[in-house]
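Okay, structure first, notes after.
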Amino acid sequence: MEGKGQLSVDYITTTVILAVIALAVFSAFDSNEQGLAITQERLYMKDIADGITSSINSLVLMGDGAQTTLDIANSTLTGRPYNITIRHNLVLLQWRDSDVASRFATSDLNFTDTNGTEIFLQPGDLTLWNSNGTISISETP
């Protein structure tokens, strides 16, 4: 009878060890998936920032009278709202506890309605134009 009791203890011990290993592996996969989701969201937002920057750089290169319209996504990939800030040399997107930035190819730019050094925008439709070297931005409701 002692052989059967020892066999049960060995079986339970082996099962517990395998369960702990399985939990550790599944936890690692879950952690990797969360990291991947965060990376995808940051890359998505970086693409948006780069798109805005590229449009403004193009307006500067095209000169006086150039105009473009942008349709900026209203939220991050996970549905979080975000803010757009344009400074003299970069576009900054901020959401929850993250941010991404994209720098202009040109030096400090002149913007209308800067209220000092920054322009704050909401995502959505934006119309941008170059008027005598000054970049103007209008938000479409």
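Where a number appears in this text, it was derived from the coordinates with a stated rule and is not lab data. Because the structure is a prediction, the values reported are computed rather than measured. All Cβ positions, glycine included, derive from the backbone under ideal geometry; neighbour counts span all protein chains shown.
Overview of results
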read-out	value
Residue (of Val60, Phe26, Ile137) at the positive-pole extreme of the stretch 2-140, dipole from beta-carbon charges	Phe26
Mean Cα-pair separation over length for the stretch 2-140, i.e. relative contact order, pairs under 8 Å, 6 or more apart, %	24
Nonlocal amide H pairs with Ile72, under 5 Å, H built at 1.01 Å	Gly124, Asp125, Leu126
Charge dipole (debye, nearest 20) of the stretch 2-140; +1 at Cβ of Lys and Arg, -1 at Cβ of Asp and Glu	160
Sequence-distant residues sharing a close amide H with Ala66 (under 5 Å, placed H)	Asn130
